[in-house]
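Notes follow once the structure below has been shown.
The values are calculated or read from the model by the stated rules, or taken from the named source; none is laboratory data. Remember, it's a predicted structure, so these values are computed and weren't measured experimentally. So basically every Cβ, Gly included, is an ideal-geometry build from the backbone, and we count neighbours across all protein chains shown.
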Amino acid sequence: MLFLNGTIAEESWFDDDVTPALFREELNAGTGNITVWINSPGGDCVAAAQIYNMLMDYKGDVTVKIDGIAASAASVIAMAGTKVLMSPVSMMMIHNPATIAFGDTVEMQKAINMLAEVKESIMNAYEIKTGMSRTKISHLMDAETWMDAHKAVELGFADDILEREGVEADVGSPEVSMLYSRAAVTNSLMDKIAAKCHIKPPDSCAGANEVTEDSVGDGRSCDEIRERLNFIKRFI
């Protein structure tokens, strides 16, 4: 399991950046299928491209899990996942590359041309993952598009939404159907109270004043227990 937390850079200045060298070292430390957790605002496009290529070239399956944000260059790295999963509270953001340029019109035009080519290379990663047209991807980048988990899945940038283990049970099973049925919850609670008091459930009572064989120690009748359970039912 690898964690990509922080800004992506060619070199780490404060020991909290993610660099291709550090990532390669951790990636090659093990074998088999891996999970990469991403929480990054992005950073250097070239450094991100290197990490993307490492993951694309990795022999095992790469599951990318976004638990915070995968923005800018970090979203490019996420596209290398065999499967991309997002937390329901995470975000992904894509936008046009940016740079700082200084000089005359010739130098400015060089910077513009360079940014155009960088955008094309970024679009390659998005296109491979989503299957979306380059024109649409370009428009999304122009608009600086922010996506929650559902939107990212809808557009193809992610494959699914992360769920807590053990929650994906069949809604038709008795355990889960209780979560969606008020009557089931009520009946279940009554059965539990009856079992706790060592009495038979209310529907098993034979007469108004008959005490069951499993009655409570003070000999309370089924009607008394039924009345108490019905009282509880009104507040559920």
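Are there any pairs, at least 6 apart or on different chains, whose C-beta atoms fall under 8 Å, with the first in the stretch 100-113 and more than 22 Å from G43 (Cβ to Cβ) and the second assigned to a loop (DSSP other than H, G, I, E, B), and if so, which?
E107/A101; M108/A101; K110/A101
Picking from A73, A49, A80, which residue would you name as being in contact with a Leu (Cβ under 6 Å, 6 or more places away or on another chain) and in contact (Cβ under 8 Å) with a residue 40 or more places away in the chain?
Working: A73 fails: in contact with a Leu (Cβ under 6 Å, 6 or more places away or on another chain); A49 fails: in contact with a Leu (Cβ under 6 Å, 6 or more places away or on another chain).
Sole residue among the options that is in contact with a Leu (Cβ under 6 Å, 6 or more places away or on another chain) and in contact (Cβ under 8 Å) with a residue 40 or more places away in the chain: A80.
For (1) closer than 25 Å to N33 by Cα; (2) buried (at least 16 other Cβ atoms within 10 Å of the Cβ); (3) not assigned by TED's automatic domain parsing to the domain that holds T31, each residue gets a yes or a no:
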| site | (1), (2), (3) |
| --- | --- |
| D57 | yes, no, no |
| K83 | yes, no, no |
| I100 | no, no, no |
| A116 | no, no, no |
| I137 | no, yes, no |
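Based on what the data block shows, is T135 over 15 Å from A48 (Cβ atoms) and hydroxyl-bearing (S, T, Y)? Show your work before the answer.
Numbers: over 15 Å from A48 (Cβ atoms): yes; hydroxyl-bearing (S, T, Y): yes.
Here the answer is yes, as T135 does meet what is asked.
Are any of the residues in the stretch 18-39 within 20 Å of L140 (Cβ to Cβ) and modelled with pLDDT of 95 or more? It would help to see each step written out before you state the result.
So the first thing to find is which residues in the stretch 18-39 are within 20 Å of L140 (Cβ to Cβ), and the list is 38.
The next check asks that each one be modelled with pLDDT of 95 or more; those that pass are 38.
Checked the stretch 18-39: at least one residue is within 20 Å of L140 (Cβ to Cβ) and modelled with pLDDT of 95 or more.
Answer with yes or no whether D44 is out of contact with any helix residue (DSSP H, G or I) (no Cβ under 7 Å at 6 or more places or on another chain) and without any contact (Cβ under 8 Å) to a residue 40 or more places away in the chain. Spell out the reasoning first.
Working: out of contact with any helix residue (DSSP H, G or I) (no Cβ under 7 Å at 6 or more places or on another chain): no; without any contact (Cβ under 8 Å) to a residue 40 or more places away in the chain: yes.
For D44, the condition - out of contact with any helix residue (DSSP H, G or I) (no Cβ under 7 Å at 6 or more places or on another chain) and without any contact (Cβ under 8 Å) to a residue 40 or more places away in the chain - is not met.
Filter the stretch 120-135 down to the residues that are of a type in the set (A, V, I, L, M) and part of a helix (DSSP H, G or I), then identify the one that is surrounded by the most Cβ atoms within 10 Å (Cβ to Cβ).
Only one residue fits best here, namely I122.
Going by what's in this entry, would M91 be described as under 20 Å from D159 (Cβ atoms), surrounded by fewer than 20 Cβ atoms within 10 Å (Cβ to Cβ) and not aromatic (F, W, Y)? Walk me through it before giving the result.
Values: under 20 Å from D159 (Cβ atoms): yes; surrounded by fewer than 20 Cβ atoms within 10 Å (Cβ to Cβ): yes; not aromatic (F, W, Y): yes.
Spelling it out, M91 is indeed under 20 Å from D159 (Cβ atoms), surrounded by fewer than 20 Cβ atoms within 10 Å (Cβ to Cβ) and not aromatic (F, W, Y).
Spot the failing condition for A48; the list is (1) touching a Lys or Arg at 6+ places or on another chain (Cβ under 9 Å); (2) at pLDDT 95 or above, and only one is missed.
Condition not satisfied by A48: (1).
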